[in-house]
Amino acid sequence: QVRVVESGGGLVQPGGSLTLSCAASGFTFSRYAMSWHRQALGKERELVAQITASSTTNYAGSVKSRFTISRDNAKNTVYLQMNSLKPEDTAVYYCKTKINWSDYWGQGTQVTVSS
């Protein structure tokens, strides 16, 4: 079955960096777009970045130039490199793929930016 599992979250100081990973299984990874979303406490879930099967990328305005999404099709993994982190980046980060009109989400990984 389709499965996506995030890892790499944690506590980081403002201005620091963190890289999230999302390991996928149960489908032909290279054929599908992948995306990262986040949900802060009391707020709606929002799209952070997405990468198509051909590696075209798109970012939310709030993270553009600070975050980089990438994929390694040999490892069935998508990454989110986060630099210059701000307290407002604190959220649970989720990985998602969409296959045949169905969304598949991971369980999320907590990122906390605080001094």
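The values are calculated or read from the model by the stated rules, or taken from the named source; none is laboratory data. Treat the numbers as computed from the prediction; the structure is a model and nothing was measured. Counting neighbours? That spans all protein chains shown, and the Cβs are built from the backbone with ideal geometry, glycine included. Ligands, DNA and RNA are stripped out before the accessible areas are found, and what is left, the full protein with its side chains, is counted by its heavy atoms. Shrake-Rupley method; radii C 1.70, N 1.55, O 1.52, S 1.80 Å.
A few notes on this one:
- Scanning region 44-64 for residues that are farther than 15 Å from Lys75 by Cβ and touching a strand residue (DSSP E or B) at 6+ places or on another chain (Cβ under 8 Å) yields Arg45, Glu46, Leu47, Val48, Ala49, Gln50, Thr57, Asn58, Tyr59, Ala60, Val63.
- Looking only at region 1-33, and only at residues there that are farther than 18 Å from Asn58 by Cα and aromatic (Phe, Trp, Tyr), the one that is most open to solvent (accessible area, probe 1.4 Å): Phe27
- Members of region 71-115 that are touching a helix residue (DSSP H, G or I) at 6+ places or on another chain (Cβ under 7 Å), among the polar types (S, T, N, Q) and within 26 Å of Tyr32 (Cβ to Cβ): Asn73, Asn76
- Filtered by the rule that a residue be part of a strand (DSSP E or B) and β-branched (Val, Ile, Thr), region 68-99 gives Thr68, Ile69, Thr77, Val78, Val92, Thr97, Ile99.
- Annotation: Tyr59 fulfils all but one of (1) within 13 Å of the chain's Cα centre (by Cα); (2) without any contact (Cβ under 8 Å) to a residue 12 or more places away in the chain; (3) more than 19 Å from Ser21 (Cβ to Cβ); the unmet one is (3).
- Close pairs (6 angstrom Cβ cut-off, 6 or more residues apart or separate chains): more than 13 Å from Gln50 (Cα to Cα) in region 21-36, surrounded by 17 or more Cβ atoms within 10 Å (Cβ to Cβ) anywhere: Ser21/Thr77; Ser21/Tyr79; Ala23/Thr77; Ala24/Val4; Ala24/Asn76; Phe29/Asn76
- Members of region 59-94 found to be surrounded by 14 or more Cβ atoms within 10 Å (Cβ to Cβ) and within 14 Å of Glu46 (Cβ to Cβ), listed by number: Tyr59, Ala60, Val63, Phe67, Leu80, Asp89, Thr90, Ala91, Val92, Tyr93, Tyr94
- Looking only at region 34-55, residues that are in a strand (DSSP E or B) and loosely packed, with under 15 Cβ neighbours inside 10 Å come to 3 in all.
- Of the residues Lys43, Lys64, the single one that is more than 15 Å from the chain's Cα centre (by Cα) and among the charged types (D, E, K, R) is Lys43.
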